[in-house]
Amino acid sequence: MITQEGKKGCGLALAILCVGIALGFVAGLLYFGRQVPFEAAQPQAVTARQALVVVNATGDAGLAGGTGYSDEMVRGEVIAVYLDYTSGISTTTDLTLRGKNAPYDTILSLSNTATDRWVYPQHAIQDYTGADVTYDGTHPLYTPFILDDYVTAVITQSTWTTPTVRVYLYWK
């Protein structure tokens with residue numbers, strides 16, 4: 001038979017055990033619930049390389065043209081292009097940016113412009129039949145150009161100046 005004092009001792013032990021469990025639970029929440037820095041979640045910088053193409057046009061005003069090539073190969077995705085036109089050239093200037101060696105895709109084609117600007121060229125994704133991939137049947141999906149070649153810039157209908165345009169192509 002359990003005495004009254006034994007019952008009180010068991011009750012006290014049970015109360016101490018419950019308080020210990022509760023304190024352990026709270027301590028666990030405080031320790032594991034804190035914000036621990038996670039290095040993999042930190043944003044990573046995009047390392048981009050730059051290729052420069054300088055084009056010098058020769059010829060009569062409004063009819064001058066020229067071709068320039070990059071000094072190094074571009075091997076990767078074209079992220080952005082910055083066009084730096086010389087002031088005072090004709091606004092009829094046309095610019096085409098493409099790879100040097102055939103077969104090549106035209107990366108950028110601009111008509112009647114001589115305004116410095118940033119451009120972010122992309123092309124439509126194609127399936128194995130060569131058809132453009134769309135997400136709803138009408139809106140094509142785009143991706144950056146992938147290049148493994150020297151870059152060629154061709155200008156036409158411009159003004160004779162040196163340089164006519166500097167093309168800065170950024171790639172990764």
Neighbour-limited loop hits for chymotrypsin sites (Phe, Trp or Tyr not before Pro), the range 77-167 (at most 15 other Cβ within 10 Å; DSSP other than H, G, I, E, B):
TYR104, TYR128, TYR135
List the extent of the Cα atoms of the range 106-152 along each of their three principal axes, largest first, rounded to whole Å.
36, 25, 15
Using modelled backbone amide H atoms (1.01 Å from N, in-plane), which distant-in-sequence or interchain residues come within less than 5 Å of ASP116's amide H?
TYR85
Give me a comma-separated list of calculated 3J(HN,Hα) values for the range 49-56, in order, Karplus coefficients 6.51, -1.76, 1.60 applied at θ = phi - 60°, integers in Hz, x for any Gly or Pro.
9, 10, 10, 10, 10, 10, 10, 10
With 22 Å as the cut-off, how large is the P(r) tail for the range 49-171, expressed as percent of Cα-Cα pairs?
38 percent
Once you have the Cα-Cα distance between ARG117 and ALA48, take 0.36 nm times their residue separation minus that, and quote the gain in nm to one decimal.
23.0 nm
For ALA102, what charge total do you get from the other residues with a beta carbon under 15 Å from its beta carbon, if Lys and Arg give +1 and Asp and Glu give -1?
-1
Cβ-Cβ FRET estimate between ALA80 and THR129, R0 fixed at 41 Å, reported to 0.05:
0.85
Can you compute 3J(HN,Hα) from phi for each residue in the range 141-149, using the Karplus curve 6.51 cos²θ - 1.76 cosθ + 1.60 with θ = phi - 60°, rounded to whole Hz and x for Gly and Pro?
8, 10, 8, x, 5, 10, 10, 9, 6
List the extent of the Cα atoms of the range 64-121 along each of their three principal axes, largest first, rounded to whole Å.
34, 22, 20
FRET efficiency for TYR69 and ASP94 from the Cβ-Cβ distance with R0 = 25 Å, rounded to 0.05, comes out at 0.90
Through the Karplus equation 6.51 cos²θ - 1.76 cosθ + 1.60, θ set to phi - 60°, convert the phi angles of the range 121-131 into ³J(HN,Hα) values in whole Hz; use x for Gly and Pro.
x, 9, 9, 6, 6, 10, 8, 5, 9, x, 7
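Coordinate-derived values only; no laboratory data. Just so it is clear, the model here is predicted, and its values are computed rather than measured. When we count neighbours, we look across all protein chains shown, and the Cβ atoms used for this are built from the backbone with ideal geometry, even at glycine.
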